[in-house]
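The values are calculated or read from the model by the stated rules, or taken from the named source; none is laboratory data. Note that the structure is predicted; figures quoted are calculated from it, not measured. Here the Cβ is made from the backbone with ideal geometry for all residues, glycine too, and neighbour counts use every protein chain on show.
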């Protein structure tokens, strides 16, 4: 038998041990390849996905590569530990360390090559179905399957280099075991708790401090808190698993009435040893799970925003310009012409909005006339307003502002024209998108509006008002190409340091198409990346259990000889596995919940939307999946320890 045949038969003989390593590698190659197929698709050259989604695709590829390399390295290290007895026997029989290194290298290349080939084959077979999903989500006319060398070469290059590098590097982590240890079995382990009380408390302080910063985050503090919170949460989580858990178990052990009751001593003592040796792994699991939760939660938040987009943007087209805007007539004629050419029905309302100084706040206020507002309300089908001379009404800028402004009563004077106004009500529905009308806007009667003959005091440095044209379009999504040239000029101007155009234009349908395209692709990216993260987080536990399976079987064999029943064995196994599965997930869940509490506050301030429902549904599904995975692993673990 040649050395290469020996390596091949070793792989076949240890197929049960290498199965999980192979499946993890295969799934990583599979996901990476279909991503590459989409990223290198010829249609991307025509920009069908836009620049931002392609950038996210590249970022997702990089994340997958880095995480896959780490994942393969850890799984490889775990399986080398599981075969330490076999390596000890080979070394005892005369094999040199150099030959053992070559054996590990050949076995890894065999497994890696098979996973790369099968991952690419299944990935290419699945690509057509994947493209069909992408086509439907992005509303594309066609996204055909293609054959190109780039995805194949990139996938082979990335993962073959990963297996070569990791197989060479992992050899230095292969545990050395003497042959006497093989026959004597695992030695009794004396647990020495090496936690530090100050670090244990410090871990909790960092986590609580991060949660407090998350609750206090606002638009003004977001930039600095978004840097501090990840740093604090990372340090706090590391100390929590390295020291706080040990401190907790030590305190429990110190209370004999709790520790010695029934069979609690066995699982608590076992967990002390497990968390002492695997604190870093559980820290990594927690951070990886947190990233997966955040990915899925962000997609849920994005989904909430897209579903409420028409509510937040009730108008199809909006044109806003200076009172002396020289392009106004030309632009409005062009927009109307395009709408009629497409055969879209619309209701055009023209506003003349004047700025005045409010004596109540000494700030500027945007003033609308009653008749102009009623024209728009009529097209909406909303109740009309009827104001008497001297009466005014607030224009809401968000759903929350309706409740706040409904409780306010203001007596003010429009200073430039000495017009007294009494305001004690707010219109009960959103009329304009928040980006169009300022936070301080009111409606007054036509009679009072005619008295505003003197311009705003800040004129000519500040525009005294503006003209506003609103197009209420029932089929606003189909109007996404109307005014495209105007919006392009506006978008380019916004990229500059200062905005100098005398007009502003917004097409809700066009913005929604960009938003939907970005969201749809991020959904594909986020869900698959989250799936890889969650698979890895669960696999870390599986690898660790598999590595220690022989030692665990001996422990449970002793208990069975002492007369433990099957029900008691199930209970002990459940207590043995529960903390390992659910403590990292529980901590990750709390991290994510506070992150989304911050996001909810920012979204309410920015767009007035709620993501509570979406986040609760997403997290409930994740918890259900984790429960299924737990009972699956528990079932297999019980089968092994009973054997």
Note to self: Is it the case, given these coordinates, that residue 394 is closer than 30 Å to residue 508 by Cα, out of contact with any strand residue (DSSP E or B) (no Cβ under 7 Å at 6 or more places or on another chain) and surrounded by 17 or more Cβ atoms within 10 Å (Cβ to Cβ)?
What the structure shows: no
Margin query: Among the residues of the stretch 588-599, are any part of a helix (DSSP H, G or I), modelled with pLDDT under 80 and over 23 Å from residue 229 (Cα atoms)?
Written below: no
Next item on the list: Pick out the one residue from 368, 394 that is more than 26 Å from residue 476 (Cα to Cα) and assigned by TED's automatic domain parsing to the domain that holds residue 462.
Entry: 394
Next item on the list: Answer yes or no: is there a residue in the stretch 11-20 that is in a helix (DSSP H, G or I), modelled with pLDDT of 75 or more and either outside the structural domain of residue 281 (by TED's automatic domain parsing) or under 22 Å from the mean Cα position of the chain (by Cα) (or both).
Entry: no
Margin query: I'd like the residue in the stretch 93-140 that is within 29 Å of the chain's Cα centre (by Cα) and not in a helix (DSSP H, G or I) and, out of all such residues, is surrounded by the fewest Cβ atoms within 10 Å (Cβ to Cβ).
Written below: 139
Item checked: Condition check for residue 578: within 30 Å of residue 211 (Cα to Cα) and modelled with pLDDT under 70 -> no
